[in-house]
Amino acid sequence: AGLVRRRRGVGKRKIRVKEQDIKALSDMPQSLAMELHAEVYIPVLSQHPLWHALAEIDRYLVVVACHKVLEEVVYEEGQDIFPAGSVATGMLCILEGTATYTYQGIRTSAASEVGSEPSDFEVEKGRMISEMSLWLH
C-alpha cells in the first residue's frame, strides 16, 4: 500500500510534446517506430538490472516491449500518481524532478498492522518504483 503524492519539477515548466501529437510519427513504418521507441526507452530501462540483463540477452524482446508497452506519462506537481490502496499497474521511472512516496505499512492480520505510521521518502530522478507490478500482473 503506497502512494506517490507529488512530483517537484526542476526549473521552469517545460512544454511537453507528446508522441501522438506529431502526425509524422504515426505515419512512419512500424519497424522504424519500433527502433525509435527502443532508442528512447532502452537507455532508461537499462538502468534497472532486470531490463539491462534482458537487453543483453535478447535485444529484440526489449525493443518489442519498448514499442508495445512503454509510454511517457507526465504528472504535474501535486498530482497523485496512484492513490493509496490502488493496484499498481506498472513500473514507473522518474525521468525528471522527484516524487514523494508515502508508505502506510502492511496489514499482517486483522488485529495488527506493522508500520502503521505513514512514512515518506523521496524518489529521485533515475529511480524506479512499483517494479513488483511486473511480476504480479
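Bear in mind these aren't lab numbers, they're just calculated from the coordinates by the rules spelled out. On a predicted model such as this, the values are computed, not experimentally measured, just so you know. Quick reminder, even Gly has a Cβ in these numbers, built from the backbone with ideal geometry, and neighbours come from all protein chains shown.
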Stretched fully, the stretch from Gln79 through Gln47 gains (0.36 nm per residue minus C-alpha distance, one decimal, in nm) 9.0 nm
Taking r as the C-beta separation of Lys18 and Glu122 and R0 as 25 Å, the FRET efficiency to the nearest 0.05 is 0.40
